[in-house]
1. Do we find that A:Thr383 is β-branched (Val, Ile, Thr) and touching a Leu at 6+ places or on another chain (Cβ under 7 Å) in this structure?
2. Tally up the residues in segment A:177-197 that are open to solvent by less than 10 Å² (accessible area, probe 1.4 Å) and within 16 Å of ligand 1 (Cβ to nearest atom), please.
3. I need the helices (runs of 4 or more DSSP H) fully contained in segment A:75-170, keeping only those with at least 1 residues that are in contact with a strand residue (DSSP E or B) (Cβ under 9 Å, 6 or more places away or on another chain) and away from ligand 2 (no atom under 16 Å from the Cβ).
4. Sort through A:Met389, A:Met395 and tell me the only one that's among the hydrophobic types (A, V, I, L, M, F, W, C), outside any loop (DSSP other than H, G, I, E, B) and farther than 30 Å from A:Cys471 by Cα.
5. Look through A:Val61, A:Val54, A:Val65, A:Val4 and report the one residue that is over 35 Å from the mean Cα position of the chain (by Cα) and within 16 Å of ligand 7 (Cβ to nearest atom).
6. Considering each residue of segment B:59-69, count those that are at the interface with chain A (Cβ under 8 Å from one of its Cβ atoms) and open to solvent by less than 10 Å² (accessible area, probe 1.4 Å), and give that number.
7. Tally the residues that are touching a Ser or Thr at 6+ places or on another chain (Cβ under 9 Å) and under 22 Å from A:Leu476 (Cβ atoms), restricting the search to segment A:144-170.
8. On the given criteria, is A:Ala158 within 15 Å of ligand 4 (Cβ to nearest atom), more than 14 Å from chain B (Cβ to nearest Cβ) and either on the phi < 0 side of the Ramachandran plot or in contact (Cβ under 8 Å) with a residue 60 or more places away in the chain (or both)?
Amino acid sequence: MEMVNIKINGMPLSVPAGSTILEAARMHGIEIPTLCYLREINEIGACRICVVEVVGMRNLVAACVYPVAEGMEILTNSKRVFASRKTNLELILSTHNRSCLSCVRSGNCELQKLCKDFRIYDEAIYDGEKPASNYDDSAVHLVRDNSKCVLCRRCAAACAKWQDVAVIGPNGRGFNTHIGSAFDQNLSDVACVSCGQCIVVCPTGALSEKDNTKDVWRALNDPTKHVIVQTAPSIRVTLGEAFGMHIGTNVEGKMVAALRRLGFDGVYDTDFAADMTIVEEANELVERIKNGGKLPMITSCSPGWVKYCEHYYPEFTENLSTCKSPQQMFGALAKTWYAEKTGIDPKDIFVVGIMPCTAKKFETKREDESASGYPDVDVALTTRELARMINRAGMYLPKLPDEEFDAPLGTSTGAGVIFGATGGVMEAALRTAKEWITGESGEAVEFSEVRGTQGIKEATYKIGDLELNVCVASGLKNAKKVLESVKSGEKNYHFIEIMGCPGGCVNGGGQPVQPAAVRNFIDLKARRAAALYEDDKNKPIRKSHENPVVKEVYETYLGSYGSHKAHEILHTSYKKRNRF
Amino acid sequence: MIDIPVDYDNLISIGSMMGSGGLIVMDEDTCMVDIAKFFLEFTVDESCGKCTPCRIGTKRLLEMLDKITKGKGTMEDLDKMEELCYHIKANSLCGLGQSAPNPVLSTLKYFRDEYVAHIVDKKCPAGVCKALLSYVIDREKCKGCTLCARACPADAISGTVKQPHVIDPAKCLKCGACMEKCKFGAIYKK
Ligand code: SF4
Ligand code: SF4
Ligand code: SF4
Ligand code: SF4
Ligand code: SF4
Ligand code: SF4
Ligand code: FES
């Protein structure tokens, strides 16, 4: 690698040519604060918080975009640098709705931290007219409060560059610039897929999930309701972050303890429903292959992806597996099989999902998702909302004991656990499909080709006589590439797994927000996923069809895989949605 | 400034802009604070809104200038404004923001006394800044012809025929119609 010699704060350093000042400084342990910078997707030099002095230059430069050069002398901590950053912050504050006390991001807000670090004495020093601001709570999954927006444009970058959806961006110009959709339409009126990726990259409280915690508190306080909760596979490896624990810590037992103490009547695991999904979906795949059904079959457990498909690629809705997502299968079975088994009227069962995802809020409201006649799932909360409830109830997660999920809906396998990472559904399905097709039951097989955080993965597996071509994509930009390659005939897959969020649910839009300072330099999705694969490795049962409760449900209630009853309860339908 | 030959370098040195092809002719009836404001309005309109110093900073500069032209500025504002100018120049992303404060800085440099007059004496020496001027009728010169009173859209002038008239500053809109009408030069701005 070609190196150049520079000085930072007087220290002679050798750094790779072509790196930015920010990267070069970081390599040598010198942190430069940033606000708008998001590695690879938002390198626009807009906020000017990262400004540094380059000796000999009249103006300051933005470290996040300015490249180093031989002999360059950089000052990252001079008086002039501090004063400039501080003034930039003060200018931002002059347009900001400074209401930290009631703000959802207080304590985890990048703007708040910068203000603290730079010791802003007078937050009103540049006060003047405020830009007209808009509060958009039209969508079911998120709220945008432009009065707290710093116009870093990170949200727009995530929406356009990761998701290839670009339904939000800067509107207007100059002082009146604001984030919105085309023609300032409401978010509910545009083809937003509800993924929430914009929320997890937002440095401030301008974007947040629509908070449904009060609906859950209300149900918990209602003695006529039997309130049960399910936790999605990925929550156990992300919830700890909201309590300052290391990224990739598995807190399953403590999470269960917390939920029990919150007063849920049953603490269950979406992993159980993930196992249900696998057997139903593997069966569907085998049937489609045998009977000349529509191929490739594409997974349908990610509502962000499903909504994308309906808006942007309606020609592929027939390829979507008709299986409901694990969240919805759980709710459907809770209000049918479980209701019968426990003798509780489904109208009194209140199902809460703890999800990595804001699209899951949308999913609860979809049509054809009410097997019992009541909505399968009543409320979907994000990991962040659960953390908020735990905090409110005065519990400190790291100090809670480890407890076990309740029976029967808490019994799961390693295959269910890995659903939370990109490639996990594929691997889980392959474990089951392979056994069914070959009729051989072996040790749980690991399909390493479909693991890993790459956006698109492909593999061909020889299963019996069949050469099964599979593909795994995460992030909608990658989904688009895969769909285009299928459309053009370039690729011939049997089975495709698509997750709406890059890296899958471990990196979902409802997960704890990590600031850009962490996000830019640590692969969140890889760390969180590693904890899921570790969990899978240690599970006594690693194949979905071996889950004893799954077996019981089929034997005593549904009959066979893909039975008429299974279809009524566990399958759904899709529709074309407008793009504009 | 009036004696500076109009060539590109000279205008750059005093912070003006020639790129637009227009040239603004200034004389003692030109208020330099107002001119700076005029330029700033232009850049505030042109700012693309991407970077913080230009998007918000130029707007704040404009507000500060506006405050001064209304006679509400303080000497501290002047320092704060100058500092903000240097900040915007050094921190903006592109040439627009980097040069936006130039008209303010150059007028501050060459015509600081005009700023001070607005702030300390609450006067606009060029008689441009409406908030700072008032129309007055000179009792000696007024013949009581009533022309001004009839021209006034605000009904701000009172007086009987052949007697000196007076303008009620609370009602006066500072439109100047009376001054134009008066044949005896009895009405003046101060
Ligand atoms: S966005 Fe940040 S700075 Fe603004 S009110 Fe919320 S916590 Fe405070
Ligand atoms: S939720 Fe997803 S699709 Fe909707 S605006 Fe945010 S990033 Fe874009
Ligand atoms: S909404 Fe958030 S991410 Fe988007 S520009 Fe505003 S502050 Fe940045
Ligand atoms: S990948 Fe997971 S978190 Fe993202 S939209 Fe799909 S289900 Fe939700
Ligand atoms: S300095 Fe340039 S980039 Fe920044 S807001 Fe002004 S016009 Fe846009
Ligand atoms: S300046 Fe206009 S408003 Fe004022 S007194 Fe004269 S005519 Fe009337
Ligand atoms: S300009 Fe570098 S972080 Fe915003």
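1. Values: β-branched (Val, Ile, Thr): yes; touching a Leu at 6+ places or on another chain (Cβ under 7 Å): yes.
Judged against the criteria, A:Thr383 is a match.
2. Result for segment A:177-197: 1.
3. Working: elements: A:79-94, A:110-117, A:154-157.
So the answer is A:79-94.
4. Values: A:Met395 fails: outside any loop (DSSP other than H, G, I, E, B).
Unique residue meeting the criteria: A:Met389.
5. Numbers: A:Val61 fails: over 35 Å from the mean Cα position of the chain (by Cα); A:Val65 fails: over 35 Å from the mean Cα position of the chain (by Cα); A:Val4 fails: within 16 Å of ligand 7 (Cβ to nearest atom).
Selected residue: A:Val54, the only one of A:Val61, A:Val54, A:Val65, A:Val4 that is over 35 Å from the mean Cα position of the chain (by Cα) and within 16 Å of ligand 7 (Cβ to nearest atom).
6. First pass over segment B:59-69, keeping only residues at the interface with chain A (Cβ under 8 Å from one of its Cβ atoms): B:59-60, B:63.
Of the ones still in play, those that are also open to solvent by less than 10 Å² (accessible area, probe 1.4 Å) are B:60.
Residues flagged as at the interface with chain A (Cβ under 8 Å from one of its Cβ atoms) and open to solvent by less than 10 Å² (accessible area, probe 1.4 Å) within segment B:59-69 amount to 1.
7. Initial filter on segment A:144-170 (touching a Ser or Thr at 6+ places or on another chain (Cβ under 9 Å)): A:144-152, A:167-170.
Still in the list and also under 22 Å from A:Leu476 (Cβ atoms): A:144, A:152, A:167-170.
Qualifying residue count for the region: 6.
8. Values: within 15 Å of ligand 4 (Cβ to nearest atom): yes; more than 14 Å from chain B (Cβ to nearest Cβ): yes; either on the phi < 0 side of the Ramachandran plot or in contact (Cβ under 8 Å) with a residue 60 or more places away in the chain (or both): yes.
Considered against the rule, which asks whether it is within 15 Å of ligand 4 (Cβ to nearest atom), more than 14 Å from chain B (Cβ to nearest Cβ) and either on the phi < 0 side of the Ramachandran plot or in contact (Cβ under 8 Å) with a residue 60 or more places away in the chain (or both), A:Ala158 comes out as yes.
The values are calculated or read from the model by the stated rules, or taken from the named source; none is laboratory data. Keep in mind that this is a model prediction, so the values were computed, not measured. All Cβ positions, even for glycine, are placed from backbone atoms using ideal geometry, and neighbour counts span all protein chains on display. Just so you know, the surface numbers come from the protein's heavy atoms only, side chains and all, with ligands and any DNA or RNA stripped out. Shrake-Rupley method; radii C 1.70, N 1.55, O 1.52, S 1.80 Å.
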